[in-house]
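The values are calculated or read from the model by the stated rules, or taken from the named source; none is laboratory data. Given the structure is predicted, the values throughout are model-derived calculations rather than measurements. Ideal geometry is used to build each Cβ from the backbone, glycine not excepted, and the neighbour counts take in all protein chains shown. Only protein heavy atoms, including side chains, enter the accessible area calculation; ligands, DNA and RNA are left aside. Shrake-Rupley method; radii C 1.70, N 1.55, O 1.52, S 1.80 Å.
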Amino acid sequence: MRVKTFRGSSTATVFAEIKAEFGDSAVILSNKSVEESGRKIHEIMVGVEGQEAPAQTRSTRDDVLGDAMNNIPEWNQEWNQIKGHMMALLKPQMNLNLLAPRQRLALEYLEREGVESKVIMSLFHELRQDPSKAILPVLENIAPVCSFDGGRWPQKFHALAGPHGVGKTSTIIRLALKEKKNNPGARICVASADQGQGKGRLVLRHYADLSGLEFKDLATREDFATLIGESHKFDRIFIDLPGLSGNSELETWLAVCGLTGTCDIAVHLVMNPYFASAQYTAFLKKYRSSKLKSLIWTKLDESCSYGALVNTSFESGLPVSLLSYGSGLRNSLKGAVEKDFWRLIFKHQLPEKDEAVFAKAI
Ligand SMILES: Nc1nc2c(ncn2[C@@H]2O[C@H](COP(=O)(O)OP(=O)(O)O)[C@@H](O)[C@H]2O)c(=O)[nH]1
Ligand SMILES: [Mg+2]
């Protein structure tokens, strides 16, 4: 099947053009109106059986695109065809042209950033009710932030969970140093529950020794019980949890260690922005827990799009508490605030470096 897009100022003229070129043999794959420079343009995509191009000179940009589409592999053509049909079916529910131009542009941008269609659909329904509605407040409801700075996290225990290598240990070190810098008198304990072969435990111990922080090794349930028993000696306790392999799940793991129930703990899930969407779903299932309170995004400096941040907030209902954007320990971590978060999503700007906080911390 050949696919070609026709454009014109009215559907009647576009249909006339299609009829002149293909007679009655064209199948309409999609039909939409778009606004360009304030003008309404009608765009109809048709498919015609057979591979032969009509004998006429091809010169316009759309013709070139049409040619390119005819030369792509068959599976790809089929996919384009299916996509066209799907869009036509979805259209009554989510015709972005029904939104105000600013709202539509924002949703189109988010789609390109990898924000999933269920999130776009939810935004569409919110915005559809009022063309003057700004998108940011709606987005802020879907992806709230609750900065780790500023006393908004009263829990004494803070544990960082997440897959191997996402940046848990580095984030604990940064957090503990930051806390120490902001409040030199604070009694801070860093504890490693990661008994794996990696050097995370040694690194944590090393920085604790250097910075005058208490260090605890948590290898058994008794170690956890002892730490909970002497928690009155500390103002903050940061726990580095291990990445969970196989079928292990966070809730069970926490229960085994005695960290569920009345324990005053907030667990934060550390994630990177470039996993596949199926992996986020799997991680959210694995790390689901009544103690899971926020999302921490690290390695933001290594990504080229940030739709995953919005998708994961939508899926989990959790606020984002911290943003990390560098492999070093200095100037690479900031409490998540709305301004930084949405700048990252819409402008790909990393948070401004927090020089003052880290300058003397290490
Ligand atoms: N580029 C970049 N690297 C990071 C960031 N956070 C951590 N890393 C690096 O990621 C690697 C794994 O970090 P680590 O804290 O050991 O991960 P863990 O296994 O989850 O404890 C280390 O090399 C860190 O320096 C970040 O925000 N950006
Ligand atoms: Mg580690």
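Figures for the structure shown
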{"quantity": "Extent along principal axes [Cα atoms of the chain; Å; largest to smallest]", "calculated": "84, 41, 34"}
{"quantity": "Hydrodynamic radius by Kirkwood, which averages 1/r over all alpha carbon pairs of segment 96-135, in angstrom", "calculated": "9.9"}
{"quantity": "Percentage relative contact order, the chain, counting C-alpha pairs under 8 Å, at least six apart", "calculated": "16"}
{"quantity": "Prolate/oblate/rounded label for segment 157-359 (Cα gyration tensor, a/c 1.5)", "calculated": "oblate"}
{"quantity": "Antiparallel DSSP beta bridges within the chain, percent to nearest 5", "calculated": "40"}
{"quantity": "Relative contact order for segment 102-209, counting Cα pairs under 8 Å that sit 6 or more residues apart, in percent", "calculated": "14"}
{"quantity": "Accessible solvent surface per residue of segment 127-274, calculated while the other protein chains remain in place, 1.4 angstrom probe, Å²", "calculated": "45"}
{"quantity": "Accessible surface of the chain, 1.4 Å probe, proportion on carbon and sulfur as whole %", "calculated": "53"}
{"quantity": "Cross-link pairs K156/K216; K299/K339; K233/K285; K156/K347 - those with Cα-Cα distance over 24 Å", "calculated": "K233/K285; K156/K347"}
{"quantity": "Computed magnitude of the charge dipole of the chain (debye, nearest 20; Cβ of K, R +1, Cβ of D, E -1)", "calculated": "980"}
